[in-house]
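One structure is given here, and the rest of the page talks about it.
Laboratory data are not the source of any read-out in this text; all were calculated from the coordinates shown. Values in this document were obtained by computation on a predicted structure and should not be read as measured data. So basically every Cβ, Gly included, is an ideal-geometry build from the backbone, and we count neighbours across all protein chains shown.
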Amino acid sequence: MQIIGERGLSGLVKLMLDCVFTGGMAIFITLPWCLNLAFDLIMNTLDENYYFLLGFLYFTGFFALFSVYEMKKIFKNLNKRNPFIMDNVISLKRMSIACFIISVAYIVKIIFYPSILTVILAMVFIIAGLFLIILSEVFRQAVIVKQENDLTI
């Protein structure tokens, strides 16, 4: 099975990211109605403020969609068989910043509405942000080596 390319595994992942982005945009646009429906269905067990949660989900959802968009750009370059370019390094750095912003939002949510899931998600986004910073540096070094190789040939 081919791994990299439009007809390979990376092409399949790119298609999945397109679906996630489209579904995420649909949820983002219909969030007030979706959240209202969720509150109606589980109001007895939910003690969070509707407007706080709506703002929180819009804020974190924006940065999550931004990360998916940046990931789509990386896979587009990967499918062109050109992964080691500065655009991918920049996308990885932007995704790490988005992860840190989301983790700060979850930490703020912990202050007002503490839950174990919120703590876990804050930790996951911190770890993801650190991983993406490291990965962006690895890609940056690979770009430098690739540029040096291109100059010597």
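Structure data summary
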quantity	calculated
Net lengthening on full extension, L117/W33 (0.36 nm per residue, minus Cα-Cα)	27.9 nm
Which label in [x] 18.9, 69; [y] 29.9, 85; [z] 17.3, 56 gives the computed Rg and Dmax of the Cα atoms in Å	[x]
Residue-by-residue Karplus 3J(HN,Hα) for segment 16-28, coefficients 6.51, -1.76, 1.60, Hz, glycine and proline x	5, 5, 4, 5, 4, 5, 5, x, x, 5, 5, 5, 4
Environment charge at L17 (Cβ cut-off 12 Å; Lys +1, Arg +1, Asp -1, Glu -1)	+2
Using θ = phi - 60° and Karplus 6.51 cos²θ - 1.76 cosθ + 1.60, couplings along segment 68-74 (whole Hz; Gly, Pro as x)	5, 4, 5, 5, 4, 4, 4
Karplus-derived 3J(HN,Hα), 6.51/-1.76/1.60, for each residue of segment 139-149, Hz, glycine and proline x	5, 4, 5, 5, 5, 4, 4, 5, 5, 5, 5
FRET efficiency, 1/(1 + (r/R0)^6) with R0 35 Å, evaluated for I127 and D40 via beta carbons	0.50
Estimated FRET transfer efficiency when R0 is 25 angstrom, pair K146-I3 (beta carbons, to 0.05)	0.85
Gaussian network model of the chain, Cα within-10 Å springs - most flexible of L130, L117, L57	L117
Neighbour-count order for S115, S10, fewest beta carbons within 10 angstrom listed first	S115, S10
Estimated dipole of segment 1-140 in Debye, rounded to 20 [Cβ of Lys and Arg +1, of Asp and Glu -1, Cα centre]	700
Three-way shape call for segment 86-153 based on the alpha-carbon gyration tensor, with the a/c threshold at 1.5	prolate
